[in-house]
Amino acid sequence: MDAIVEAALKKWPNVPHCYGWLALDARGDWYMRDERIQRSGPFPRVKGSRVEHDKLLAFIGRNYASDERGAWFFQNGPQRVYVELESTPWVWRLQPGGGVRSHTGREAKVESAWLDEAGHLYLQADLGLGLVHTADMALAAEAVEAGRWTPQDCIAAKLPALFGYRLRPALAH
């Protein structure tokens with residue numbers, strides 16, 4: 001977490017949490033969801049405005065974490081902005097040679113692989129569960145064929161309970 005964020009938390013410890021304003025889709029893109037967008041429909045049916053500013057994306061990535069309930073958030077200064085997830089808290093980008101990085105740029109160590117009923121590949125890593133980005137499925141197939149990963153069958157709807165994360169944090173409150 002950024003030092004400036006930690007300082008803001010100490011200075012203003014009781015700022016209310018924010019729900020519904022930030023979302024992460026299955027391709028690792030962040031979306032801002034203002035009140036008008038939230039009234040237009042639920043995420044991911046209505047996504048909102050894609051965050052494209054490089055410095056903002058980096059700031060969100062450095063300050064992205066989960067709470068004790070498995071709800072993911074972006075710590076924006078003293079305010080915790082909870083994230084609605086389309087699929088999983090992480091979206092994995094595979095690197096030639098076998099490396100795995102999150103949508104936020106963090107390196108991850110794969111612990112297990114999971115394949116759902118629609119053919120989506122998930123990796124459980126030291127950071128948590130994530131969906132393999134669709135553009136990286138050829139690299140994923142190479143890893144499976146080489147025996148580095150042996151996917152276990154799963155049902156996508158059961159993954160949040162199995163791996164302890166929440167798709168809709170506001171429902172937890």
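A short reminder: the numbers here are calculations on the coordinates, not readings from a lab. No experiment lies behind these values; they were computed from the predicted model shown. Reconstructed Cβ throughout: ideal geometry from the backbone, glycine too, with neighbour counts over all protein chains shown.
A Gaussian network model of the chain, with springs between Cα atoms under 10 Å, assigns the largest mean-square fluctuation among 37, 155, 60 to 155. Its residue count N fixes a reference of 2.2 N^0.38 Å for region 90-163, and the Cα radius of gyration divided by that reference is 0.99.
The 3J(HN,Hα) values that the Karplus relation (6.51, -1.76, 1.60; θ = phi - 60°) gives for region 123-130 are, in residue order, 10, 8, 10, 4, 8, x, 8, x Hz. Gly and Pro appear as x. When the trypsin sites (Lys or Arg not before Pro) in region 1-59 are filtered for DSSP coil states and for at most 15 other beta-carbon atoms within 10 Å of their beta-carbon, the remaining sites are 27, 45. Cross-link reach is defined here as a Cα-Cα straight distance under 29 Å, omitting same-chain residues fewer than 8 places apart; for residue 109 the lysines meeting it are 55, 158. In this calculation the C-beta distance from residue 158 to residue 32 is compared with R0 = 35 Å, giving a FRET efficiency of 0.75. Taking a straight Cα-Cα cut-off under 16 Å and skipping sequence neighbours fewer than 8 places away in the same chain, the aspartates and glutamates within cross-link reach of residue 11 are 2.
Summarised as an ellipsoid, the chain has semi-axes of 28, 18, 15 Å, derived from the eigenvalues of the Cα gyration tensor scaled by 5 and square-rooted, with the largest first.
Modelled this way, with points 7 Å down the Cα-to-C-beta line, the labels at residue 79 and residue 55 are 1.9 nm from one another.
Close amide H pairs (under 5 Å, H built 1.01 Å from N) link residue 103 with 91, 93, residues at least 5 positions away or on another chain. Our summary gives region 90-163 a relative contact order of 30 percent, counting only alpha carbon pairs under 8 angstrom and 6 or more residues apart.
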